[in-house]
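A short write-up of the structure that comes next.
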Amino acid sequence: MKIAFLDEYSLGDMDLTPIKELGEYVGYDRTSKEQVLEHCKGAEVVICNKTVLRAETLRALPDLRFVAIAATGMNNVDLDTAAELGIGVKNVAGYSTYSVAEATINFALSLFKNTKYFDDYFKNGAYAATDDIFHFGRPVRQLRGSKWGVIGMGAIGREVARLATAFGCEVAYTSTSGAVRKEEYPQMALEELLGWADIISIHCPLTPATKGLIGEKELAMMKPTSVIINVARGGIIDESALAKALNDKVIAGAGLDVFSREPLHSSPLYDLSDKYSLVASPHTAWAADVARKVLIERIAENIKEYINSK
């Protein structure tokens, strides 16, 4: 059985032995849209993270019987066509819950403590050039006593709420699906949550209902001292509106791990009047080494389940 992994780079330098030992393995660092058919040719199992498998591609691969998605999101595969052709598709959920939750806390701490500014102040020689022991160039705040609003109380949102509570924050949430569940935290409407919170963190999926959920109007509802963190999907926040809100000091800061286009080649976020108002990372909140190890193990389990079902 031939197994083809189309975008190995997406897992970094991790050991892929649990997958490789399951069949005749061939791995590609990256696969462009022009290379998809060539790289999938003859493969019974295809593994992909973000490489797109469109309907016409699936129809042109008679040997393909199973797609193992190396991620939670499945929007890169035409699921309707796969079902029509009898091609199994399975993703991996829950492998990065703790990694993403910790990254969320890290964003909050970085913004509240102004870590990037003070690190630059030390490294650029400004501290060495002064006689002052202390420097108060930017505010230093503490999480304890802050109000933390969670948008999307799924597994990640719940873990963020637990960690925020451990830091002494008061937590409330809003449900983007409209579901009313019994949680240990109070539920608020989005507009109420935005005006109440000192920290807003986003953990909901990108759907037609959440696309552009946070725009100019919603940002204006937030406190001028508040920060917003998005580790979910980039399209949930209007980036132009966010850049304007940061430049106009409508809010104090933002932490972003996801963007409307990835990589983000051009954006007003690159030209902020105060560069320290934004802390950003290139979609790595999920990517702790332990999380990637679990992901690889779960991919292997999914392929084993397919093999056993034949």
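From the list Glu216, Glu170, Glu184, Glu192, pick out the single residue that is surrounded by fewer than 19 Cβ atoms within 10 Å (Cβ to Cβ) and in contact with a strand residue (DSSP E or B) (Cβ under 6 Å, 6 or more places away or on another chain). Even if it seems obvious, please write down each step before you answer.
Values: Glu216 fails: in contact with a strand residue (DSSP E or B) (Cβ under 6 Å, 6 or more places away or on another chain); Glu184 fails: in contact with a strand residue (DSSP E or B) (Cβ under 6 Å, 6 or more places away or on another chain); Glu192 fails: in contact with a strand residue (DSSP E or B) (Cβ under 6 Å, 6 or more places away or on another chain).
Residue meeting the stated conditions: Glu170.
Just the residues that are open to solvent by less than 20 Å² (accessible area, probe 1.4 Å), outside any helix (DSSP H, G or I) and touching a helix residue (DSSP H, G or I) at 6+ places or on another chain (Cβ under 8 Å), please, taken from region 33-64.
Residues satisfying the conditions are Val45, Val46, Ile47, Asn49, Thr51, Leu53, Leu61, Leu64.
Please specify each residue of region 165-182 satisfying the condition of being in contact with a Phe, Trp or Tyr (Cβ under 7 Å, 6 or more places away or on another chain) and under 23 Å from Leu206 (Cα atoms).
If the condition is that a residue be in contact with a Phe, Trp or Tyr (Cβ under 7 Å, 6 or more places away or on another chain) and under 23 Å from Leu206 (Cα atoms), then Val171, Ala172, Tyr173 are the ones that fit.
Looking only at residues that are more than 19 Å from Ile303 (Cβ to Cβ) and at pLDDT 95 or above in region 65-82, which one is most open to solvent (accessible area, probe 1.4 Å)?
Asp80
I'd like to check something: does region 121-138 contain any residue that is in contact (Cβ under 8 Å) with a residue 24 or more places away in the chain and either out of contact with any helix residue (DSSP H, G or I) (no Cβ under 8 Å at 6 or more places or on another chain) or part of a strand (DSSP E or B) (or both)?
The first filter runs over region 121-138 and keeps only residues in contact (Cβ under 8 Å) with a residue 24 or more places away in the chain, leaving 138.
Then keep just the ones that are either out of contact with any helix residue (DSSP H, G or I) (no Cβ under 8 Å at 6 or more places or on another chain) or part of a strand (DSSP E or B) (or both); that gives none.
Checked against the condition, which is being in contact (Cβ under 8 Å) with a residue 24 or more places away in the chain and either out of contact with any helix residue (DSSP H, G or I) (no Cβ under 8 Å at 6 or more places or on another chain) or part of a strand (DSSP E or B) (or both), region 121-138 yields no hits at all.
Looking at (1) more than 26 Å from Ala287 (Cβ to Cβ); (2) modelled with pLDDT of 95 or more, which is the only condition Lys182 fails?
All conditions are met except number (2).
Scan region 225-250 for residues that are open to solvent by less than 20 Å² (accessible area, probe 1.4 Å), part of a loop (DSSP other than H, G, I, E, B) and aliphatic (A, V, I, L, M) and report the count.
2
Among the candidates Ala291, Ala287, single out the residue that is in a loop (DSSP other than H, G, I, E, B), open to solvent by less than 30 Å² (accessible area, probe 1.4 Å), in contact with a Ser or Thr (Cβ under 8 Å, 6 or more places away or on another chain) and at negative phi. Outline the logic, then answer.
On the way: Ala291 fails: in a loop (DSSP other than H, G, I, E, B).
Answer to the check: Ala287.
Which residues, counting only those in region 67-103, are within 22 Å of Asn308 (Cα to Cα), touching a helix residue (DSSP H, G or I) at 6+ places or on another chain (Cβ under 7 Å) and assigned to a helix (DSSP H, G or I)?
Correct list: Ala82, Leu85.
The values are calculated or read from the model by the stated rules, or taken from the named source; none is laboratory data. None of the values given here were measured: they were computed from a predicted structure. We place every Cβ from the backbone using ideal geometry, glycine too, and count neighbours over all the protein chains shown. Accessible surface is based on the protein model in full, side chains and every heavy atom, while ligands, DNA and RNA are left aside. Shrake-Rupley method; radii C 1.70, N 1.55, O 1.52, S 1.80 Å.
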